[in-house]
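What follows is a set of notes on a single structure, which appears directly below.
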Amino acid sequence: HIHTQRISLDQDFEVLYEKACEAGIETAFSRAKQTPVPCPFGSAGVCCRHCLEGPCRIGLNGKGPQEGICGANGDTIVARNLLTMMIEGAAGHAEHGRETALALLEASEGNSDYQIKGVEKLYQVAAGLGIETSGKAVEDIGKQVALKALEDFQKQTGVMNWLALHAQQQSIHKWNELGITPVNIHLEISKAVTRTTMGCDADPINLLLGCLTMGLVDGFGGLHLSSDLQDILFGVPKLVKSNFRLGVIKKEMVNIAVHGHVPLLSEKIVEWSRKLSGEAKAVGAAGINVVGICCSGNEVLMRHGIPAASSFSSQELVIVTGMLEAMIVDVQCIMPGIQKVAECYHTEVITTLPYVKIAGSTHVDFHTDKADKAAQDIVRKAIANFPKRDHQKINSFTGTVEAYAGFSNEQIIEALSALNREDPLKPLLDAIASGAIRGVAAIVGCTNVREFQDWGNVTVAKELLKNNVLVVATGCSAHSLAKHNLMNMQGLEYCGESLRGVLKAVGQAAGLESLPPTLHMGSCVDNSRPADLLTAVANRLGVEVKDLPAVGSCPETHSPKALVIGTYFLANGVDVHVGVNPQVSGSQFVTDVLCNGVKDDGLNLEKLFGGKLIYEKDPVKAAAILLRRIEEKRLALGLSS
Ligand code: NFS
Ligand code: SF4
């Protein structure tokens with residue numbers, strides 16, 4: 001018998017969790033409750049499994065062994081484990097970028113099922129890369145851009161093209177002086193793996209510098225490269241209105257969930273679900289309904305207004321509605337647990353990449369040159385499952401929450417230019433300077449099964465809004481905010497008066513009632529967008545990103561990807577809050593470097609870059625710290641208090 005307890009601020013998932021528990025269906029939430037206390041050594045980051053002398057672990061609180069068999073001390077082991085997490089996060093995003101680059105290359109060469117839809121973005125990126133565009137065909141330029149992207153996985157000297165494309169000069173200078181500027185993505189990942197192996201890097205400072213390099217690899221080679229190329233292939237997101245919560249799953253429809261991260265396949269699923277709706281009607285359904293999970297959900301929401309069913313932590317429970325014909329997954333944040341839950345229903349889990357399979361699931365191999373065929377096969381499998389529903393097991397929800405999304409920088413600038421055509425950023429800068437907006441916060445990252453779902457994300461957001469901070473969001477935290485009315489006009493009541501005034505002024509100029517209280521900027525790779533927004537603001541003011549009253553917050557951190565994204569922002573001097581233990585407490589030294597500043601040693605994150613890591617579990621306290629940091633930066637910039 002599994003004990004039921006509250007798991008989510010979202011009532012629908014509470015209902016489904018209880019249903020699952022009563023039916024004896026295990027989910028991540030119930031498994032988490034079975035091991036209520038995680039391993040204390042792993043939690044502190046002091047467990048080393050890098051060779052067969054070990055595993056070794058450092059005794060906690062100074063008791064027991066303070067070195068591994070090889071002599072590695074706690075500082076080295078903690079820093080090395082942190083770097084290992086960074087590598088995992090960066091590798092995932094890099095692979096996302098590489099696949100997108102190949103897709104652009106193939107589309108440009110005319111041998112794939114994709115075309116270039118974001119022509120304007122293509123010209124813009126090409127110009128930034130120094131590619132000659134005049135008199136050239138779109139496909140030609142597309143090919144040049146794709147080759148420049150692939151160069152970032154190959155070049156042996158210089159700096160990454162995508163870093164030079166997006167970083168501020170002053171930052172590049174700083175990174176060069178520290179020797180942390182990445183040359184190419186694969187080279188840096190390979191080097192970082194090498195330095196973490198037994199008998200290599202044993203200097204905690206050097207290992208932490210390695211973490212920063214991974215942050216830069218991730219930020220430029222993962223996030224920016226992926227977002228740019230996706231915008232080129234699929235178009236730049238524009239304002240859309242859609243819906244969140246489980247009511248988006250429709251009883252009368254064939255329901256298909258797209259889950260994962262790389263939108264190459266989900267774009268095609270959306271397309272073919274529209275084209276094949278007649279076949280769904282032939283089996284008695286009213287049509288085909290695609291819903292999003294995690295970042296695949298964010299991607300198709302941003303570009304097509306596809307409604308979103310779930311963030312990371314409750315992904316298994318979506319199946320417990322009994323109305324999902326297929327869950328299609330590609331890569332990252334996919335719980336293997338979905339398969340066992342699916343076996344209790346008629347749902348078919350379909351994996352699509354040769355390196356991401358789940359035992360027991362259906363596999364349909366996906367490649368860009370047969371994307372249409374794969375998408376048709378998959379949609380038809382879902383249709384065929386519709387008549388297999390067990391009507392006794394269905395839980396349907398009617399409630400949905402409206403949400404605006406699609407806030408690319410292009411969309412934000414377009415909205416602002418209704419107020420000032422010549423200098424669109426000026427209204428935003430004026431609002432920040434006058435103090436009507438105190439600062440900017442990006443609420444990013446995950447939901448975590450060990451946390452009360454949505455609580456941290458929503459609470460940090462509400463606290464910041466109340467204090468007139470402009471809030472943008474990405475990833476699963478955007479799901480949390482949307483579900484709780486923070487992306488529709490109802491949520492304006494949570495904003496401080498002066499922030500609400502600015503949102504209304506900008507929104508009304510752009511033809512809306514107001515801008516929503518928080519702006520959905522996309523998936524986790526789209527953290528490139530808030531980064532670019534900050535860079536644009538800093539450049540316009542003639543300062544560095546580190547000087548801006550801007551913070552990042554990841555209240556319900558779950559993934560190493562979130563940690564490495566945070567590190568990218570730290571390398572740019574932006575304060576980053578995490579609400580979940582980052583597993584470094586086993587080393588006072590590492591904790592001090594990241595969070596407190598080391599007095600007499602060579603590495604002090606805040607002194608070097610201008611920002612620091614803030615670990616605070618309590619979302620109200622975390623928001624208070626972030627507000628204080630925003631005010632400190634305002635003061636340093638000479639802005640009104
Ligand atoms: Ni980001 Fe998106 Fe969600 Fe966290 Fe996972 S889906 S890439 S890692 S859990 S936000
Ligand atoms: Fe132990 Fe050192 Fe091997 Fe790690 S690398 S398991 S600390 S001997």
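Values computed for the structure shown
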| read-out | value |
| --- | --- |
| Count of segment 485-501 residues which are in contact (Cβ under 8 Å) with a residue 40 or more places away in the chain and surrounded by 24 or more Cβ atoms within 10 Å (Cβ to Cβ) | 2 |
| Qualifying helices (runs of 4 or more DSSP H) (wholly inside segment 285-380; at least 3 residues being under 25 Å from the mean Cα position of the chain (by Cα), over 24 Å from H93 (Cβ atoms) and at pLDDT 95 or above) | 315-319 |
| Of all residues in segment 216-260 being of a type outside the set (A, V, I, L, M) and part of a loop (DSSP other than H, G, I, E, B), the one that is farthest from the chain's Cα centre (by Cα) | E252 |
| Every pair of residues 6+ apart whose Cβ atoms lie under 7 Å, when the first sits in segment 551-562 and is over 29 Å from R438 (Cα atoms) and more than 16 Å from ligand 2 (Cβ to nearest atom) while the second is modelled with pLDDT of 95 or more and part of a loop (DSSP other than H, G, I, E, B) | S559/C333; S559/C446 |
| Residue match in segment 597-608 (condition: assigned to a helix (DSSP H, G or I) and touching a residue at least 24 places away in the same chain (Cβ under 8 Å)) | yes |
| R98, sole failed condition from (1) over 28 Å from the mean Cα position of the chain (by Cα); (2) closer than 30 Å to I232 by Cα; (3) basic (K, R) | (1) |
| Subset of segment 529-579 [among the β-branched types (V, I, T), part of a helix (DSSP H, G or I) and under 16 Å from S171 (Cβ atoms)] | T535, V537, V545, T567 |
| Residue among R245, R274 that is touching an Asp or Glu at 6+ places or on another chain (Cβ under 9 Å) and either farther than 12 Å from E299 by Cα or of a type in the set (D, E) (or both) | R245 |
| Positions within segment 204-239 being charged (D, E, K, R) and in contact with a Lys or Arg (Cβ under 6 Å, 6 or more places away or on another chain), in sequence order | D231 |
| Test for V580: is it surrounded by fewer than 21 Cβ atoms within 10 Å (Cβ to Cβ) and hydrophobic (A, V, I, L, M, F, W, C) | yes |
| Total residues in segment 119-162, condition of a type outside the set (D, E) and not in a loop (DSSP other than H, G, I, E, B) | 22 |
| Selection status of L102, modelled with pLDDT of 95 or more, away from ligand 1 (no atom under 16 Å from the Cβ), of a type outside the set (V, I, T) and within 18 Å of K561 (Cβ to Cβ) | no |
| Residue pairs meeting the criteria (Cβ under 6 Å; at least 6 apart or on separate chains; first over 15 Å from I172 (Cα atoms), in segment 208-228; second in a helix (DSSP H, G or I) and modelled with pLDDT under 95) | L208/V593 |
| Hey, I77 surrounded by fewer than 22 Cβ atoms within 10 Å (Cβ to Cβ) and either outside any loop (DSSP other than H, G, I, E, B) or within 13 Å of ligand 2 (Cβ to nearest atom) (or both) or not | no |
| Flag for T351 being surrounded by 20 or more Cβ atoms within 10 Å (Cβ to Cβ), free of Cβ contacts under 8 Å to residues at least 40 places away in the same chain and closer than 23 Å to E106 by Cβ | yes |
| Helices (runs of 4 or more DSSP H) fully within segment 4-71 counting 3 or more residues that are more than 16 Å from ligand 1 (Cβ to nearest atom) and buried (at least 20 other Cβ atoms within 10 Å of the Cβ) | 11-22 |
| Residue check for G64: within 16 Å of ligand 2 (Cβ to nearest atom), over 30 Å from D454 (Cα atoms), free of Cβ contacts under 8 Å to residues at least 12 places away in the same chain and over 24 Å from the mean Cα position of the chain (by Cα) | yes |
| Every residue from segment 425-474 that is touching a strand residue (DSSP E or B) at 6+ places or on another chain (Cβ under 9 Å), without any contact (Cβ under 8 Å) to a residue 60 or more places away in the chain and either within 16 Å of ligand 2 (Cβ to nearest atom) or more than 18 Å from V576 (Cβ to Cβ) (or both) | L465, N468 |
| Breaking point among (1) surrounded by 14 or more Cβ atoms within 10 Å (Cβ to Cβ); (2) of a type in the set (G, A, S); (3) within 16 Å of ligand 2 (Cβ to nearest atom), for A94 | (3) |
| Considering residues of segment 598-616 that are more than 17 Å from R628 (Cα to Cα) and of a type outside the set (A, V, I, L, M) only, the residue nearest to the chain's Cα centre (by Cα) | F609 |
| Count of residues meeting criterion [part of a helix (DSSP H, G or I) and among the charged types (D, E, K, R)] in segment 503-528 | 2 |
| Residue within segment 101-114 that is within 26 Å of the chain's Cα centre (by Cα), surrounded by fewer than 19 Cβ atoms within 10 Å (Cβ to Cβ) and free of Cβ contacts under 8 Å to residues at least 60 places away in the same chain present | no |
| Among the residues listed as E299, E325, E267, the single one being of a type in the set (D, E, K, R) and touching a Pro at 6+ places or on another chain (Cβ under 7 Å) | E299 |
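Condition check ((1) closer than 20 Å to T213 by Cα; (2) in contact with a Ser or Thr (Cβ under 6 Å, 6 or more places away or on another chain); (3) at pLDDT below 95; (4) not hydroxyl-bearing (S, T, Y)) across all residues:
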{"residue": "K121", "(1), (2), (3), (4)": "no, no, no, yes"}
{"residue": "Q124", "(1), (2), (3), (4)": "no, no, no, yes"}
{"residue": "G128", "(1), (2), (3), (4)": "no, no, no, yes"}
{"residue": "D140", "(1), (2), (3), (4)": "no, no, no, yes"}
{"residue": "K155", "(1), (2), (3), (4)": "yes, no, no, yes"}
{"residue": "I180", "(1), (2), (3), (4)": "yes, yes, no, yes"}
{"residue": "K191", "(1), (2), (3), (4)": "yes, no, no, yes"}
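The values are calculated or read from the model by the stated rules, or taken from the named source; none is laboratory data. Not measured: the values here are computed from a predicted model. In this analysis, Cβ positions are derived from the backbone assuming ideal geometry, glycine residues included, and neighbour counts consider all displayed protein chains.
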